[in-house]
């Protein structure tokens, strides 16, 4: 099963924004400040995306100062509600989000959806991965599938999202592609990737469904083994990690991440955000952040971002119905 979130569009967008030039010279500052609102806890994909983007924008001189605020709760709904309810006082705020804003709207975790916010830009993609503790007897997907087939209830898979959320969905997709019953997956949710990774290291779960970029640092430190990545080919950021496809599991997936403003954000402010993000791709500072995390450049701005999200909503909704999540 292939689920690449509009793969042709992703590849075209990635090619269009491939790193092409040197860092911006000083003096090209476009914004005094950006406050990044992060809907989950520290250590998760949203956290890394916001802080990495802020790092690149400030080091490249495109933004004077970046600040960060983690606001967990309601599967991301608390931060969305806060941004909507305090729209007038949040013109300097960008909220990071990703595929879950679509999933959680579809499942009713929160009443709002992306249409209730100002769409600024989609920026990156991150592959998904299944990882196990470095000391685990599980060394590859074949081992995990054997354990799952023997006793699904004893083979818990954790994630940093709510039941029926992205990490759960990825685990179910992988199991279905491997010929197993995806509805038998014993999924244990945690608040953001950091707590989920702690549960894996403590032995509370057998495997963790997470973003590839979140797993790389711990794999390099020897704390986990990445047993499968949902990319077509091995990712240069960590080439030791095998793909699902090379292990006979025909599924691919990439999770977009991007930024939203408060509803009613003035058009000139939206344009400033969009211009700063577009120019960010041309800098060495961004390329360093992107390469370090193994992200794919996916740049959709304004109306293109809206079309992209609407397409995702249909694809994901159809898939979730098939898997019994809707």
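A short reminder: the numbers here are calculations on the coordinates, not readings from a lab. Since the structure is predicted, the reported quantities are computational estimates derived from the model, not experimental observations. Cβ sites come from the backbone with ideal geometry, for glycine too, and all protein chains shown count toward neighbours.
Things worth noting here:
- Relative contact order of the chain, pairs being alpha-carbon contacts under 8 Å that are 6 or more residues apart, as %: 30 percent
- Annotation: extensible slack from residue 310 through residue 92 equals 75.9 nm (criterion: 0.36 nm per residue apart, minus Cα-Cα distance).
- Cα-based shape type of region 80-196, given that a ≥ b ≥ c are square roots of the gyration tensor eigenvalues and the cut on a/c is 1.5: prolate
- Rounded to the nearest 0.05, the FRET efficiency derived from the C-beta distance between residue 68 and residue 150 at R0 = 41 Å is 0.40.
- Relative intensity of the chain on a log10 scale, I(q)/I(0) at q = 0.08 Å⁻¹, equals -0.34, per a Debye sum over C-alpha point scatterers of equal strength in the absence of solvent.
- Per-peptide packing, taken as the mean over residues of other Cβ atoms within 10 Å, places 122-133, 51-62 in the sequence 122-133, 51-62 from highest down.
- Euclidean distance of C-alpha centroids, region 144-220 and region 272-286, integer Å: 34 Å
- Of all DSSP-defined beta bridges confined to the chain, some 60% are antiparallel rather than parallel.
- In percent, rounded to a whole number, the relative contact order of region 171-326 is 19, using alpha-carbon pairs under 8 Å and six or more apart.
- Counting DSSP beta bridges with both ends in region 127-247, the antiparallel % (nearest 5): 55 percent
- Cα gyration tensor category, rounded, prolate or oblate, for region 127-247 with a/c compared to 1.5: rounded
- q = 0.14 Å⁻¹: log10 I(q)/I(0) that the Debye formula gives for region 39-147, counting C-alpha atoms only: -0.70
- Computed over region 177-325, the Cα gyration tensor eigenvalues convert (square root of 5λ each) into semi-axes of 30, 22, 16 Å, ordered from largest to smallest.
- The peptide list 41-47, 140-146, 151-157, 273-279, put in order of mean Cβ contacts within 10 Å with the highest first, becomes 41-47, 273-279, 140-146, 151-157.
- Over region 207-295, relative contact order from alpha-carbon pairs under 8 Å, at least 6 apart, %: 27 percent
- The simple spin-label model puts a point 7 Å past each Cα toward its Cβ; for residue 29 and residue 239 those points are separated by 4.1 nm.
- Compared with the dominant Cα axis of the chain, that is its longest principal axis, helix 267-280 is turned about 60°.
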